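Structure record follows, encoded as structure tokens.
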Amino acid sequence: MKRFLIIWMALLPIMGVLAAKPNKQVVTLSCELHCQGCCDKIMKNIAFEKGVKDIVCDLPSQTVTVTYNADKTDVPTLLKAFEKIGKPAKVKEEKNNPSPTRDDAHNDGSGAQKLY
């Protein structure tokens, strides 16, 4: 019984660390991306910012999506990091497009139904 209690006490802090979930946030930023080199520069430098978990650069849409731990960093800090590497960014405004209803998804407005 004593051995079980010792093992339990040793595992308790480890289980607490594993159970703690980071405060994961995602932000999409607009940034001027001229070439793949711009994306590589962002990926290489911003990845080392404290709290950054993942970065996705999308060259055609000129956006960078950053997944980060909000307990360790925030959006203003990330924006400063972008400025520091010469790639100023701003938070991309999401358009409030209502989700189409089932009828809207199959109707192009001409009265004809789209077949998928």
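The values are calculated or read from the model by the stated rules, or taken from the named source; none is laboratory data. Quick caveat, the model's predicted, so the values are computed rather than measured. Because the Cβ atoms are built from the backbone with ideal geometry, glycine has one as well, and the counts that use them run over all protein chains shown.
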Which one of the conditions (1) at pLDDT 90 or above; (2) in contact with a Ser or Thr (Cβ under 7 Å, 6 or more places away or on another chain); (3) of a type in the set (Lys, Arg) does residue 41 fail to meet, given that it meets all the rest? (2)
Among the residues of region 27-64, write down those that are surrounded by fewer than 12 Cβ atoms within 10 Å (Cβ to Cβ) and assigned to a strand (DSSP E or B). 54
Going residue by residue through region 83-94, is there one that turns out to be at pLDDT below 95, of a type in the set (A, V, I, L, M, F, W, C) and out of contact with any helix residue (DSSP H, G or I) (no Cβ under 9 Å at 6 or more places or on another chain)? no
Out of (1) loosely packed, with under 14 Cβ neighbours inside 10 Å; (2) touching a strand residue (DSSP E or B) at 6+ places or on another chain (Cβ under 6 Å); (3) part of a helix (DSSP H, G or I); (4) not aliphatic (A, V, I, L, M), the one residue 82 does not meet is (1)
